[in-house]
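Any read-out appearing in this document is the output of simple, stated calculations on the displayed coordinates, not a laboratory observation. Since we're looking at a predicted model, the values are computed, not measured. Every residue, glycine as well, gets a Cβ built from its backbone with ideal geometry; the counts of neighbours run over all protein chains shown.
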Amino acid sequence: MPKKQRIKIANHSAEAALFTRRVLVIFLLISIAISALISNMYFLQVTSYKKYKTRSNENRIKVEPIPPTRGLIYDTNGIILAENKSVYSLKVVVKKASNLKNELKALTKLLSLTDLELNTFKKNNYRSKSFKSITIRTALSQKDVAVFTANRHHFKGFSIQADLQRYYRFGDTFTHVLGYVSKMNAKDKQRIEKNGEQRRYRGTNYIGKRGIEKYYESLLHGEPGQQQVEVNSWGKVIRTLSYTPPTPGKDIKLNIDLRLQLKAQQLLRNQRGSIVVINVNTGAVLTLLSNPSYDPNLFVQGMTIKQYDKLLQSRDRPLLNRATQGRYAPASTIKPEMALLALNTGVITEHTTINDPGWWIVPGSKRRFRDWKQWGHGTHVDVFQAIKQSCDTFFYKAAYQIGIDRINPFMEKFGFGKYSGIDLNEESYSIMPSRDWKNARFKKPWYDGDTVSIGIGQGYWTVTPIQLTKATAALATHGKVVKPTILQSVLSRNGSLPLPPEDYPSIILKNKNYWNIVLKGMYAVVSSPTGTGFRAFRTAYYTVAGKSGTAQVVAIKEGQHFTKYKVLLHRKDNALFVAFAPYENPEIAVTVILENAGGGSSKAAPMVRKILDEYFNNKNKKTSFH
Amino acid sequence: MINKTRHKSLFIRLHIDPFLLIGIFMLIAISCTVLYSVGGNALVFKQLIRVSFALVVMFLVAQLPPDFYFRWAPYVFGMSVLLLIAVLIIGHTGKGAQRWIDLGFTKFQPAEIMKLIMPFMIAYYISQCTLPPSFKKIMVAICLIIIPTLLIALQPDLGTAILVFASGIFVLFFSGVSWLYIGSSLIAVFSFIPILWYYLMHDYQRLRVLTLFNPQLDPYGAGYHIIQSKIAIGSGGLFGKGMFGGTQSQLEFLPEPHTDFIFSVFSEEFGFIGIITLLFIYLFIISRGLWIANKAQDSFTKLVAGSITLTFFVYIFVNIGMVSGLLPVVGIPLALVSYGGSSIVTLLAGFGILMSINTHRRFNAKS
């Protein structure tokens, strides 16, 4: 506790007298200062009154910002995905209306205004000044505009204003790529202020909130212009005196291919999941689909709280971008990477075989890890067979021998457990587990059993579809790790400005032949009659390499049998399939993940096939034109 | 002088000063009238909520005796300096200017606390010995003033930095620092101006000062606000254009008509008569504050009361000077009239301290 005795002042009265003198001086100074203020006011308001009165009456010149038009967004074929549409809104300046109540009544009849609109108007009217125009209805239909215009002379003070509004013509198809713009809120304004961009955003109402619209906000927004206008005594613009045009936002072209994206959406109808397609050499994202989706135009036009709640509360979580934020157990789809690591560390060679009785036991324990095939894959399973038939036992043993300390850094090189680098803010880096990670997350040591599950892409390991696609691309290109990019180029008057592709450090193996061993296995998955993906790709006219995966959502306890059809929908397995094509000269990598759909080879593989068909059909069409 | 122990009035028992309270209520009434004119019901309503909260704070502050503030002054001061440093560090690791500390349930600005605690700290330090203070004491006190001022100026928040600096310097002035020192430091400050102008100021800052002296230099850019504000004030004339009649403010020629430029709106709508009334109320409050300071019973409370009153005046002088084109535009609101939260709470807390000083008397003056 602070304790300090105040020292008794020796010369109290002298001190008081000194203080009083100072107070008098200050009072005098303040009086002088206030007199100065008053005389300045007198000068302004009385002496120069006439001058300022005239200037006030003639003060008709206002400086107004002109917001820029937002840049357009095209797909790779030049088809417009996000545009600016003229919308008409009905506004009123309350002070100018002759009889607001009657006019509103008449309008209600004419345009059938809803109670909601009337109530919102009342609320806004209460909140703002009577000089300002208040919006009654946004997005008037052509008919509304015509009806109002015909009757406008009855409605003094009411007017129709034309504005540009963002419009996503393909609705929910590109929501998770494009995102959306929406009205700026207090938080956006705070951020703008923080970045010192208030000038740039003068007069702007909308800002990118998600997706490409947010990521490339600074590119798409543009620079505002300004105009000096002459206004009448009601504040209405009569004449424009000077005009600095705004610089419109840049138009941009995406790598996304409309046809492929539409195909993917068609395939995923009524199915939760994600489809991602990227170019293996450049990282260009051709398709990025997450289903279920929602109509982004709702966010532009504004929706009711009820509508928003429905989106937010939906069990299917449409707001989640599954392609970049969905975290799934990769299951067997990462066996090729695991095989590469096993070869590279010398745990196995090309010719190492194991005996698979249908299970594997961690040495020195009783814990039994089962293979998906109850009777096992036979007595001579080598790495080629293990990939082709997706033998779990082989990889249990391999992972156990490699150990988590070597698995983690190797898989991180493929991009697991890290941001993929895609140009979206909505991304999860998911989990590539390690000893440190488990200790920090669960305060528990790493067990051998944990490593064994990692061997078949289960356990703590989760990946996002974009990570998985990126890793597949790295397999296809023998270790080139690309950065997935949605933006292809920035368009300008002088043509387009393509973005240079960016890469991460390549993966270098001890022996280049390891790639061929593993990729041959992946090729056999779809081309060999005993491969897991054979049925789906039997009739394909191009070559493919792929890998299926079936991820348990609920752990099945040892000895417990289950019937597929009895499992509740939300507990059914996730179906996965990754592929690249053509096998000899890879162009694209595809990932399909279906939530609670069942087996990867039976459910996901046919969808990959259809995506590849679409891609190669389109490509052949294009070349046949030339 | 007066035998207060025998008969205490209700106000003294509640630790409320009726004169200050009347002045404050008159200002709030003026504030609500102008806010209603520019922003309608909603603004008035929000302002009244803030004012009520601030009045409660004032009441609570007045209940604690000056001794309490004396004991805690150095600790609160030290903590505020640490918080200011913390804000700077957080601000640097984050992005851009940062003035707030987020407590989870509320955010607050350490600079606002500094505004209040600064006079206490300097008075605490100076009043340890007989006044006037020695040269060494003055130097230490100046350091104590400069450090938080710089920390706030770095945020950057020039307006608050000026107020914090002033509230500390005023204590020194009241403590009887000799005129020789005051005169020579003024000379030093003025001779520093050329150095500031040529070496330390950025171009945009120079432009601000230049447009202050000649707004026509840049009539649609930096000078625009000053010109429009002067037109608003001038065109108000003797009696003003009447409520809602201010074309300058209602047609949005004026920037921020409800915060920093509220004085221009008031002048336009209520004229010279209105201004005289407003300034009279301010002068009334200031006189009462100085009277309380003079009557305070020891040098600590005298210095604190004097400084709080004088800082209140600085608010008014800088704001009115700024909107009428006498001073450069720094973000200082019109005391108790401008719309806005934190400054009202700080100001009324200051008045709570004045009331505390006036109503807690430890001993009667001996005649």
- Item | Theoretical FRET efficiency, 1/(1+(r/R0)^6), r = Cβ-Cβ of A:GLU58 and A:ASN124, R0 35 Å, to 0.05 | 0.60
- Task: Work out the charge dipole of the protein assembly as shown with +1 on the Cβ of Lys and Arg and -1 on the Cβ of Asp and Glu about the Cα centre, then indicate which of A:ASN585, A:VAL285, A:VAL181 is farthest towards its positive end.
- Result: A:VAL181
- With Cα coordinates, the longest principal axis of chain A makes an angle with the long axis of helix A:12-42, in degrees rounded to 10, of 80 degrees
- Message: From the gyration tensor of the Cα coordinates in the protein assembly as shown, what semi-axes in whole Å does the equivalent ellipsoid have, largest first, with each one equal to sqrt(5λ)?
- Response: 70, 39, 25
- Task: With an 8 Å cut-off on Cα pairs and a minimum separation of 6 or more residues, tell me the relative contact order of the range A:231-303 in percent.
- Result: 24 percent
- Item | For chain B, convex hull of alpha carbons as volume per residue, Å³ | 165 Å³
- Message: For a quick check: with amide H placed at 1.01 Å from N, whose amide H comes under 5 Å from A:GLY225's, ignoring anything fewer than 5 positions away on the same chain?
- Response: A:ILE66, A:THR247
- Item | Within-14-Å neighbourhood charge of A:ALA581 [Cβ basis; K, R +1; D, E -1] | 0
- Note on the structure: Longest principal axis of chain A (C-alpha) makes with the long axis of helix A:49-58 (C-alpha) an angle, in degrees to the nearest 10, of 40 degrees
- Item | Estimated FRET transfer efficiency (A:ASN185, A:GLN271; beta-carbon r; R0 41 Å; 0.05) | 0.75
- Note on the structure: Computed about the Cα centre, the charge dipole of the protein assembly as shown from +1 Lys/Arg and -1 Asp/Glu charges at the Cβ has a magnitude in debye, to the nearest 20, of 2020 debye
- May I ask for the net charge around A:PRO433, where only other residues with Cβ less than 9 Å from the Cβ of A:PRO433 are counted and Lys, Arg are +1 while Asp, Glu are -1? +2
- Note on the structure: Here P(r) for the range A:64-254, Cα-Cα distances in 5 Å bins, as whole percents, is 1, 7, 12, 16, 16, 16, 15, 10, 5, 1, 0
- For the range B:225-232, 3J(HN,Hα) per residue [Karplus equation, 6.51 cos²θ - 1.76 cosθ + 1.60, θ = phi - 60°, Hz, x = Gly/Pro]: 4, 5, 4, 4, 5, 5, 4, 4
- Note on the structure: Taking the protein assembly as shown and counting helices only, DSSP H stretches of n ≥ 4 at -39,500 (n - 2.57) each over all residues, the nearest-500 ellipticity at 222 nm comes to -15500 deg cm²/dmol
- Task: Just list whichever of A:LYS438/A:LYS547; A:LYS91/A:LYS143; A:LYS85/A:LYS183 have alpha carbons separated by over 19 Å in the model shown.
- Result: A:LYS438/A:LYS547
- Within 10 Å of the Cβ of an average residue in A:30-43, the count of other chain Cβ atoms is 5
- Query: How high is the relative contact order of chain B, in percent, counting Cα pairs under 8 Å that sit 6 or more residues apart?
  - Reply: 29 percent
- Just add up the charged neighbours of A:ASP356: K/R +1, D/E -1, any other residue whose Cβ is under 12 Å from the Cβ of A:ASP356. 0
- Note on the structure: Expressed to one decimal in nm², the mean projection of the alpha carbon convex hull of the range B:266-367 is 7.9 nm²
- Rounded to whole Hz and in sequence order, give me ³J(HN,Hα) for the range B:124-139 from the Karplus expression 6.51 cos²θ - 1.76 cosθ + 1.60, θ = phi - 60°, writing x for Gly and Pro. 4, 5, 6, 7, 5, 10, 5, 7, x, x, 6, 4, 4, 4, 4, 4
- Can you tell which of B:GLY340, B:GLY350, B:GLY39 shows the greatest fluctuation in a Gaussian network model of chain B with Cα springs below 10 Å? B:GLY39
